[in-house]
Structure formats: C-alpha cells, structure tokens
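Scroll down for the structure; my scribbles are underneath it.
The values are calculated or read from the model by the stated rules, or taken from the named source; none is laboratory data. This one's a predicted model, so the numbers in the text were calculated from it and none came from an experiment. In this analysis, Cβ positions are derived from the backbone assuming ideal geometry, glycine residues included, and neighbour counts consider all displayed protein chains. Surface accessibility is based on the protein's heavy atoms, side chains included, excluding ligands, DNA and RNA. Shrake-Rupley method; radii C 1.70, N 1.55, O 1.52, S 1.80 Å.
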Amino acid sequence: MKKIVSLAKRRGFIFPSSEIYGGFSAIYDYGPYGVELANNIKKEWWKSMVQLREDIVGLDSCIFMHPKIWEASGHVSGFSDPLAECKKCHARLRVDHLLEDIGVQADEKMSEDDINKLFKKNKEKIKCPKCGKQDFTDAKKFNLLVKSNLGNFTDKWDKEPAYLRGETCQGIYVNFKNVLDSTRAKIPFGIAQIGKAFRNEITARQFVFRTREFEQMEMQYFTDPENEMKEYEKLREYRWQWYLNLGIKEKNLRWLKHENLVFYAKEAYDIEYNYPFGFKELEGVHARGDYDLSQHTKFSGQDLTYTDPTNNKKYMPHIIESSVGVGRAMLAVLTDAYTEEKVKDETRVVLKLDKKIAPIKVAVFPLLRNKPELVKKAREVFEMLKPHFTCEFDDNGNIGKRYRRQDELGTVVCLTCDFETLEDNTLTIRDRDTMKQERVKISELDSVLKDRLE
Ligand code: ATP
C-alpha cells in the first residue's frame, strides 16, 4: 500500500487534499494523471452501462435535493455506522470493522443493541488499531449524512438542513417518472449516473478506498416483480465481466453474499477486490424489491406505479442496482497494475494498466534535447498524434529516465526520434510491457498505433 500511495503522489495521480495547510482528513484530489485515469474508468463504465445498452439511459441529477428525499430513503433515521471511542487515545472507531477484523461477521445496519452484544462478547480479542489498548465506550449509531445551510438564511439551519447527497441513486429514483414520460423507456429499463456523494465516514483510513467526498457510478434497473431475480443474475454476470474487460485479474475478485439483509432486500452481493489490506467491497449489486419507489410514492404523494402497455398490468417496479465508487475502482486498477521487475541490476516499476484506461497512450521523445533538429522532428510527430491519442512530449533527462517515468505512469508506447529519423523518417516504438523496440515508418504510425492501442 505504501508503494502505491507513494507512486500515486510522486507521479501525479492522487494528492492529499489541502496539503499546504496540513491536509484535510479523508479527502483526496486527483492530479494530472489521476484525472485521466479516473476519466477513462468513467468512460468505460458509461460505454458499458449506457452506450452499449439499448435498455439503459443516462442521467445527471444534482447533489442537492429536497430534504424529504432523505427521510423517504431512510437516511435521516437509519444511515448510520456504529461508533465507539477508545478511552485511552480517543480514536473514533467503527465497531463493525473492529469485529470483522477479528473474523466476526458484523454489519453497519445492525441495531445498536445487537452490535453492542457482539462487541461485548468479543471485547477481549479487540485492540485499538491506534494505541493497542482494550478500553472502549459502547457503540453508538452515528449518522453519516453531511448537512449544509443551502437555501436557509437563519441560524437554525441545522434543524432543517439541506443534505449533500449520501448516494447518487436517490436522484435516479425521483426522476424515474420524468424519464418514463419523456423517453420511450419500457420496463425493464435502467437509469445510470455518475456523480459525487458525501458521507461523514468515521474511520477514513485506507487512502481513496474510504473518503468523505467520493464519486459513484450507479445504475438502477427497474423490473417487473416476477423478473427481478432473473435480471439480477444477468446484472451480476455483466458487472463481473466489466472488471475483467478492464484488465483486472480474476483471482483478485470475489463475490461476498450479505448475510444480514435489510428487511426489504431480496438478495445482496458485493464484488470484493483483493486490496493491499485484503478483500474489501469494490461494488454492491443488490436486489432491492419495491422499497425505493414505494417510499417515494408514500412521501411525495405521487403515484410511481407502472402500467405495462402490453397487458395493462399495474405494479410498483422492483429495482436491482449496481453501485461502485470511482476511487475504489481506481485503487483496484492501480493495485492490479503495479508491478516490480528485475531488469539487469535494477528494479523496474511499471503500471501494467489496460491500454483502454492508461492515462497516457503515447509518449514522444527526441533522443537528445540539445539537438534542435531532433526536437523539431519529435514535436512534428507529437503534433500529428495528439488529436488522436492522449500524448505526452518529454525531453527531460536522459532516455533511460524518461522510460522509467513513463513506465510508472503506465504509458503504453514510447516513440523516440533519433538521427536515423532525420534520414529515413522512421522512429523507434517501445512497448511498455515487453520493453521491445522496433523501427517503424512515421507514415505508417497511424495504423501501427491503432493496432496497438485500440
Ligand atoms: P462500506 O461498507 O465499505 O462502507 P457501503 O456498503 O456503505 O460501503 P454502498 O452504500 O453500498 O457502500 O455504496 C456503493 C459503493 O460506493 C461502494 O461499493 C463503494 O464502491 C462506494 N463507496 C461507498 N462509500 C464510499 C466511501 N466512503 N469512499 C469511497 N467509495 C465509497
């Protein structure tokens, strides 16, 4: 983990937020290569979930929504984690995680009583991860919603806050009818969106795995009650395949079935990834029954039932969902791609990212930076390629250093213009993974690169 965090910082993928002010806990910024990587992951998700699917449409709802939505969804009363404090060092800890760490199945959705019973029963085995002591307060439920004073000009805004959304899918549920009325969507169909979410996470360790501001990629699929589980199985298969297409090694993925289901859920699985700190939730794929639209019908007074135009059957749509955080996906692909190789006497660090998501596809170098004719030629090649591929021009340091830097960024190919280039318009193309170099004609670059990158 240390190596990944260090590479992410050193090479401009992920920076701690507000670093010059000492940082701001559990918030991270994406640097120049991080934003490219995140955008590529989002692009792949959108392509798979919207572009390639006739039955799914996109949406971009706002972060702020009517506060009643969060009452209807159950977030105001029940979106909480069990919090305990270490009496010695005052670290705030999530009790379900402390229990999980010693192999006891626990869930943040358990009641305060139930989790405290488990906590007491296992107290002997649990140590504070910060100071190692074993003296804790009882667990208390702590609400994770982040409040704001938006639209409230009194000093009592705290009583009636506007919330920063705790998940993006509520924006999908409350737009279900709008989408239905404005498109030709017919059940079964889905609505997908990518957007920011905010949670007052208690323990925010583990880098971008758990942050207080994060981005979710969520798809909610509306089905006839009878077909819910059939569609659920299809979605599970589809989502698993997405990770394999992203180049993630299958041995680093596994399914975890939820044992403690919330009362309305039919079935719930997580896709877990083998992070440096062990297998943890990367994505949730859940069958949610008719809970969401029933709740919004009840709280808004608007009828959200659906009438099937083929047989006039009227029912409350059931929902299956897929939900993944961009940060967790990014940490998974970085972990999966991080490779150290022995090359002669040196260790080469290389990010073997899938070419679809690599932040830079092509780096272009002049062999020497102090030879204007080489720099000019390399610039010409760079200018020619940059409208088509994400490219970088680099003339810093010697060629070995440039290769090392590009390897750490996961750049798929490097092109070098040397003295031969000036004579015969050929250059070398170096492959990131094999390090093999070949000479190719500049006139054929377009098709060579398309072959290697697309
Ligand atoms: P956890 O049990 O790890 O807190 P969760 O079950 O609360 O996660 P969901 O509410 O199901 O998570 O959210 C769906 C997805 O959003 C998660 O699978 C994860 O990828 C992402 N996610 C949730 N919380 C965070 C967070 N604090 N930081 C980054 N990503 C998150």
Percent of Cα-Cα pairs more than 21 Å apart in segment 149-287, please. 57
Rg and Dmax of segment 81-223 over Cα atoms: what are they, in angstrom? 19.6, 61
Name the residues whose placed amide hydrogens come within less than 5 Å of the amide hydrogen of Glu283, ignoring near sequence neighbours (fewer than 5 apart) on the same chain. Ile271
For segment 299-397, report the accessible area per residue in Å² (1.4 Å probe, heavy atoms, rounded to an integer). 46
Straight-distance crosslink candidates among lysines, where the alpha carbon sits under 29 Å from Lys371 and sequence neighbours closer than 8 are dropped: Lys361, Lys386, Lys401, Lys436, Lys441
Accessible solvent surface per residue of segment 1-145, calculated while the other protein chains remain in place, 1.4 angstrom probe, Å²: 56
Could I have the simple spin-label model distance between Thr154 and Asp101, label points 7 Å from Cα toward Cβ, reported in nm to one decimal? 4.3
Quick one: angle between helix 399-409 and the longest Cα principal axis of the chain, in degrees between 0 and 90, rounded to 10, please. 20
Is segment 1-82 rounded, prolate or oblate when judged by the Cα gyration tensor, a ≥ b ≥ c being the square roots of its eigenvalues, rounded requiring a/c under 1.5 and prolate requiring a/b larger than b/c? oblate
According to the Cα gyration tensor, what semi-axes, each the square root of 5 times an eigenvalue, does the equivalent ellipsoid of the chain have, listed from largest to smallest in whole Å? 45, 29, 20
Based on the alpha-carbon gyration tensor of segment 1-140 and its eigenvalue square roots a ≥ b ≥ c, which shape applies: rounded if a/c is under 1.5, prolate if not and a/b is larger than b/c, or oblate? oblate
What is the dipole size for the chain, taken about its Cα centre, with +1 at each Lys and Arg Cβ and -1 at each Asp and Glu Cβ, in debye to the nearest 20? 1220
For segment 268-327 and segment 140-170, what is the centre-to-centre distance using only Cα atoms, to the nearest Å? 23
Between Phe263 and Ile20, 0.36 nm times their residue separation minus their Cα-Cα distance comes to what? 82.9 nm
For Lys234 and Thr297, calculate 0.36 nm times their separation in residues minus their Cα-Cα distance, and state this gained length in nm to one decimal. 19.9 nm
Using a 1.4 Å probe on the protein chains only, how many percent of the accessible area of the chain belongs to carbon and sulfur? 49
Cross-link table Lys9/Lys355; Lys42/Lys257; Lys159/Lys230; Lys117/Lys234; Lys196/Lys266, entries beyond 32 Å C-alpha to C-alpha: Lys159/Lys230; Lys117/Lys234
Relative contact order %, the chain, counting alpha carbon pairs below 8 Å whose residues are six or more apart: 13
